[in-house]
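**Q** This is the structure, below, for whatever I ask next.
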Amino acid sequence: MAKPMSARTFLKILEDEGLDVEEVGDWKEHNRNGAGAWGPVHGVMIHHTATEGSRQTVEICREGRPDLPGPLCHGVITKDGRVHLVGFGRANHAGLGDDEVLRAVIAERSLPTENEARADGNRYFYGFECENRGDGEDPWPDEQFEAVARAAAAICRHHGWSARSVIGHLEWQPGKTDPRGFTMRKLRERVAERLK
């Protein structure tokens with residue numbers, strides 16, 4: 001269990017991890033805190049956007065959709081490996097998920113199979129949306145995958161978490177498939193390497 005870091009610290013740890021970071025608008029104050037609490041935080045959740053085109057992807061993740069107001073994450077990781085910060089605080093990215101998965105993340109143990117949706121993930125997770133169509137065919141360039149691992153590792157390092165605190169949306173909520181195109185095992189292995 002950890003208190004969310006400040007927006008200033010969030011920016012610094014990402015830059016210190018060697019990431020190319022772009023601040024988008026008033027991202028430090030752009031959040032959904034009025035819809036509920038944010039924190040304590042327990043992990044990092046990774047998504048794919050099911051979109052293409054960096055500019056459009058960042059705009060959607062910042063502004064949201066007609067059925068879901070933004071921000072839809074804290075950072076958007078585009079194909080070129082750049083991290084676009086679009087919000088900070090509670091964000092509409094995780095939705096309701098499995099409370100047994102949440103307990104496993106907190107304990108940093110193997111994840112059970114998700115089979116219910118009762119816990120408020122928007123409260124408990126940092127979220128990164130990654131530009132990808134999510135069809136299993138759209139590639140993940142090396143610079144993008146590396147940026148995902150670096151962003152997750154930066155947060156884990158700050159909070160003293162292991163790579164087991166990094167999960168995919170598909171491990172949290174029944175019916176979700178993201179991120180599609182790489183395994184979370186591969187990503188956690190890469191995060192663990194960075195944390196050594």
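The values are calculated or read from the model by the stated rules, or taken from the named source; none is laboratory data. Remember, it's a predicted structure, so these values are computed and weren't measured experimentally. Virtual Cβ from ideal backbone geometry, glycine too; neighbours counted across all protein chains shown. These accessible areas exclude ligands, DNA and RNA; they are computed on the full protein's heavy atoms, side chains included. Shrake-Rupley method; radii C 1.70, N 1.55, O 1.52, S 1.80 Å.
**Q** Amide H neighbours of residue 64 under 5 Å, at least 5 residues apart or on other chains, H built in the peptide plane: list them.
**A** 70, 72
**Q** Scan segment 145-184 for chymotrypsin sites (Phe, Trp or Tyr not before Pro) in coil per DSSP, keeping those whose Cβ has at most 11 other Cβ atoms within 10 Å, and list them by number.
**A** Listed in order of number, the matching sites amount to none.
**Q** Enumerate the amide H contacts of residue 168 below 5 Å, restricted to partners 5 or more residues apart or on another chain; note that Pro and chain-start residues carry no placed amide H.
**A** When sequence neighbours closer than 5 places are left aside, the close amide H contacts are 46.
**Q** Just to be sure I understand the model, the point goes 7 Å from the Cα along the line to the Cβ. What's the resulting residue 189 to residue 6 distance in nm?
**A** So the label points at residue 189 and residue 6 sit 3.9 nm apart.
**Q** Here's something else I'd like to know. Multiplying the sequence separation of residue 103 and residue 56 by 0.36 nm and subtracting their Cα-Cα distance, what value in nm do you get?
**A** Fully extending the segment from residue 103 to residue 56 adds 13.4 nm.
**Q** Next up: Tell me the per residue accessible area of the chain using a 1.4 Å probe; a whole number in Å² is fine. Walk me through the intermediate numbers first.
**A** On the way: 8820 Å² over 196 residues.
Per-residue accessible area for the chain comes out at 45 Å².
**Q** Taking θ as phi - 60°, what are the ³J(HN,Hα) couplings along segment 29-34 by the Karplus curve (6.51, -1.76, 1.60), each to the nearest whole Hz, with x for Gly and Pro?
**A** Computed from phi, the couplings for segment 29-34 are 10, 8, 7, 10, 4, x Hz.
**Q** Please give the Cα centre distance for segment 132-152 versus segment 99-119, rounded to the nearest Å.
**A** Result: 24 Å between the Cα centres.
**Q** For segment 1-33 and segment 56-72, what is the separation of their C-alpha centers, rounded to whole Å?
**A** So the two Cα centres are separated by 18 Å.
**Q** Suppose R0 equals 22 Å; then what is the FRET efficiency for residue 138 and residue 28 from their Cβ-Cβ distance, rounded to the nearest 0.05?
**A** Values: r = 31 Å, r/R0 = 1.40.
Efficiency at R0 = 22 Å is approximately 0.10.
**Q** Residue by residue through segment 143-150, what is 3J(HN,Hα) from phi via Karplus (6.51 cos²θ - 1.76 cosθ + 1.60, θ = phi - 60°)? Round to whole Hz and write x for glycine and proline.
**A** Karplus values, whole Hz, x for Gly and Pro: 5, 6, 4, 4, 5, 4, 5, 5.
**Q** Looking at segment 1-160 only, what percent of DSSP beta bridges run antiparallel? Nearest 5 please.
**A** Among the beta bridges of segment 1-160, antiparallel pairing accounts for roughly 40 percent.
**Q** Assign unit charges at the C-beta atoms only (+1 for Lys and Arg, -1 for Asp and Glu), then state the dipole size of segment 61-158 relative to its Cα centre in Debye, rounded to the nearest 20. Each step should come with its number before you reach the end.
**A** Details: 12 positive and 18 negative charges, 101 e Å.
Rounded to the nearest 20 debye, it is 480 debye.
**Q** Can you compute 3J(HN,Hα) from phi for each residue in segment 104-118, using the Karplus curve 6.51 cos²θ - 1.76 cosθ + 1.60 with θ = phi - 60°, rounded to whole Hz and x for Gly and Pro?
**A** Couplings: 5, 5, 4, 7, 6, 10, 4, 7, x, 6, 6, 9, 7, 9, 10 Hz.
**Q** Further question on the same structure: Of all accessible surface on the chain at a 1.4 Å probe, what whole percent is carbon and sulfur? Write down the numbers at each step before the final one.
**A** Details: 3910 of 8820 Å².
In the chain, the share of accessible area belonging to carbon and sulfur is 44 percent.
**Q** What's the Kirkwood radius of the chain in Å, using all Cα pairs?
**A** So the Kirkwood estimate lands at 16.2 Å.
**Q** Continuing with the same structure: Restricting to lysine pairs 8 or more places apart or on different chains, what number in the chain have Cα atoms under 18 Å apart?
**A** The number of close lysine pairs in the chain is 4.
**Q** In addition: Apply 1/(1 + (r/R0)^6) to the Cβ-Cβ distance of residue 35 and residue 113, taking R0 = 22 Å, and write down the FRET efficiency to the nearest 0.05.
**A** Using R0 = 22 Å, I get an efficiency of 0.20.
**Q** Let me ask something additional. Would you please put 60-66, 38-44, 129-135 in order of how densely packed they are, using the mean number of other Cβ atoms within 10 angstrom per residue and starting with the highest?
**A** Descending packing order for the listed peptides: 129-135, 38-44, 60-66.
**Q** Which value at 222 nm does the chain reach when only helices count, each DSSP H run of 4 or more adding -39,500 (n - 2.57), with the total divided by all residues and rounded to the nearest 500 deg cm²/dmol?
**A** -9500 deg cm²/dmol
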